[in-house]
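The values are calculated or read from the model by the stated rules, or taken from the named source; none is laboratory data. Values in this document were obtained by computation on a predicted structure and should not be read as measured data. Cβ coordinates were reconstructed from backbone atoms using ideal geometry, including for glycine residues, and neighbour counts include every protein chain displayed. All accessible areas refer to the heavy atoms of the entire protein, side chains included, with ligands and DNA or RNA removed. Shrake-Rupley method; radii C 1.70, N 1.55, O 1.52, S 1.80 Å.
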Amino acid sequence: MTLSFRRKAQKSPRRNYRLRLLPLAVLLALLLPGCGSFSSHETSSPTPSASVTETPQPSLSASPSPEPSEPAATPAPTETYPEVEADYSYDVIVYGGTPSGVMAALAASREKLKVAILEPGRHLGGIITGGLGYSDVGNIKVIGGLAKEFFVWAGIYYDDGGSIVYPIEPHFAEELFSLIVEAARIDVYYEHRLRENDGVQKSGSRIEWIATEDNATFTAKVFIDCSYEGDLMAMSGVSYTVGRESRDTYGESLAGVTPFSITNNFSYDLSAYSAGGLLPGILNAQAAEPGTGDRKLPAYNFRLCITADPDNRVPFARPDHYDSSRYELLLQWLYLLKESEGGRDLKITDVFSLGKLPDGKYDLNSKGPFSSDWVGGSWQYPEAGYDTRDTIIEEHKEYLQGLLYFLANDESVPEELRRDISRWGLAKDEYTDHDNWPYQLYIREARRMVGNFVMTQKDLDMESEKYDSVGMASYNIDSHQVQRVITEDGFVKNEGELQVPVFPYQLPYRILLPKEEEAINLLVPVCVSASHIAYSSIRMEPQFMILGQAAGAAAKLAIVEDCSVQKVDVSALREELNSQGAVLELP
């Protein structure tokens, strides 16, 4: 087996030396603990050998559960694993090749299980591959296990001392994820999206098989849904919710509609109206009372990889459906900002956040009141059908392409800002098969499972210690803008922003578990059972990787113990995770 990275030829000999070191380091880390010994290969388009039975299942647009129910009084009995005819059979199937999905598959493979990843797209790595190179890590002391190993491997590549490196280039992230699954002999089925309305076959509370859009069928003893959308979870009839709970739902002081935050808001009073009426991008309404629940979500965006290096820069292009008028609110804000701050020169960092990456690249993210986040564009996405989701993704791309083109080219933009933006462009050596644009929309929050235990604000604060801890988290409660509204005085304000620090807290195994009467062989380490407030902290990729590892380890125990995932011996799970270097508590 030949393992190598595709790296730019002009890199220094020292960097090439590190390139040769990494495959050896990864192989040692992966193979010495004992990965699965079965014959395996990456698969792009398997040919099914059996027909798929049409069985009605909950659709993607099934009604979510608005509130959690009481814990089940009588747990489901232990069941054995029957033989089910399907095209492909595995011990564990992971749906979604996100960072969490790769870690779940790796953890299961290290336990000598036969594992497959079904990835709806053509690339592994989710948003880390898809643009979020400047990772949100919080307190690095809580990042352990496979998540830490991933960033250690990155450190071997980028740094002579082998230190942990968190900011990484997207193409390198994909190379590393690909190397991991190859070295661990994990089957990867690309472009295998669940069949939309009948993709799951259940027998009682057990998932028997799942079917993809090409009518291939897959059976497994345990399924792990690592998708950002929670599609496997939803199609399996598991309870979930979308949006923001009210303060009364779980007694959370931060829940629901928020008071107007100072952060990333219009810090100077700006009218919501122009001579032509309400400015584009503003909801023609006032915000509801603080604490009110709704079904709205924080904004999504694309995390772009940009550079000012002339030799590696692709100018920001004009999108097909460009309309400069949709940025009139931003233009009004820029001139008000300039005037209110003494006529100072504006620059790119007045509109965007730039996270420094290796090799002269930057991770472009949202900053301020009007930026790369398309406020209001996320609300319909989680429960939309595939075609509608594709449209929403394209609309987000058009919005950000248009914004960058407007700032770099429109003569109404202050000259110094236009000149500064024009120095930048998309990195030419990233996303070379996708017009240098990321593959993954940053889905900050979609569905959230409602299990018997729902993690809430108090679990990040007063009740942060958990008997069933399988990892830890520490990032701020970080909810981006949800809506842009009119105040009573006719000004424009963004609503929904929360940036609240937290101390490190424990992540309980229970948040991965559906109710036992709904699914006994499904684990959900991304769309976990949490309120909007708790999820706003949990939702960072290192934590998803930590929870993915826990899911992979739990799958092994469920199979060995011949029990439901809810009946896994938590003490044994914690012992196993401890042996793998996971951080379950701080000294």
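Of note:
- The set of residues from region 368-394 being part of a loop (DSSP other than H, G, I, E, B) and more than 20 Å from residue 279 (Cβ to Cβ) comprises 378, 380, 381, 382, 383, 384, 385.
- Subset of region 395-421 that is open to solvent by 10 Å² or more (accessible area, probe 1.4 Å) and not in a helix (DSSP H, G or I) - its residue that is nearest to residue 300 (Cα to Cα): 410
- Conditions (1) touching a helix residue (DSSP H, G or I) at 6+ places or on another chain (Cβ under 7 Å); (2) more than 23 Å from residue 312 (Cα to Cα): number failed by residue 205: (1)
- Search result, residues across region 275-294 that are touching a residue at least 40 places away in the same chain (Cβ under 8 Å) and either over 24 Å from residue 367 (Cα atoms) or assigned by the TED database to the domain that holds residue 379 (or both): 291, 292, 293, 294
- Residue tally, condition free of Cβ contacts under 8 Å to residues at least 40 places away in the same chain and buried (at least 17 other Cβ atoms within 10 Å of the Cβ), over region 225-274: 1
- Residue count for region 371-387 satisfying the condition of being among the charged types (D, E, K, R) and crowded, with 21+ Cβ neighbours inside 10 Å: 2.
- Yes/no for residue 363 being within 15 Å of residue 442 (Cα to Cα), among the acidic types (Asp, Glu), outside the structural domain of residue 235 (by the TED database) and modelled with pLDDT of 95 or more: yes
- Highlighted here are the helices (runs of 4 or more DSSP H) found entirely within region 500-587 that include at least 2 residues which are within 22 Å of residue 249 (Cβ to Cβ) and among the small types (Gly, Ala, Ser): 532-538.
- Scan of region 373-431 for residues that are of a type in the set (Val, Ile, Thr), within 30 Å of residue 233 (Cβ to Cβ) and out of contact with any Phe, Trp or Tyr (no Cβ under 6 Å at 6 or more places or on another chain), ordered by number: 375, 388, 391, 393
- Residue 178 passes every criterion in (1) among the small types (Gly, Ala, Ser); (2) open to solvent by 20 Å² or more (accessible area, probe 1.4 Å); (3) in a loop (DSSP other than H, G, I, E, B) apart from (3).
- Condition met for residue 125 (touching a helix residue (DSSP H, G or I) at 6+ places or on another chain (Cβ under 8 Å), of a type in the set (Gly, Ala, Ser) and more than 21 Å from residue 478 (Cα to Cα)): yes
- Scanning region 487-533 for residues that are closer than 20 Å to residue 260 by Cα, under 22 Å from the mean Cα position of the chain (by Cα) and buried (at least 24 other Cβ atoms within 10 Å of the Cβ) gives 496, 532, 533.
- The C-beta contact set for region 335-359 (first residue among the polar types (S, T, N, Q) and crowded, with 16+ Cβ neighbours inside 10 Å, second residue part of a loop (DSSP other than H, G, I, E, B) and at pLDDT 95 or above, distance under 7 angstrom, 6+ apart or interchain) comprises 353/367.
- Residue 572 in contact (Cβ under 8 Å) with a residue 12 or more places away in the chain and buried (at least 21 other Cβ atoms within 10 Å of the Cβ): no
- Output for region 117-129, where each listed residue is crowded, with 24+ Cβ neighbours inside 10 Å and not polar (S, T, N, Q): 117, 118, 119, 124, 125, 126, 127, 128
- Residue within region 311-319 that is out of contact with any strand residue (DSSP E or B) (no Cβ under 7 Å at 6 or more places or on another chain) and open to solvent by 70 Å² or more (accessible area, probe 1.4 Å) present: yes
- In region 130-168, residue farthest from residue 359 (Cα to Cα) [restricted to those that are open to solvent by 50 Å² or more (accessible area, probe 1.4 Å) and assigned to a helix (DSSP H, G or I)]: 141
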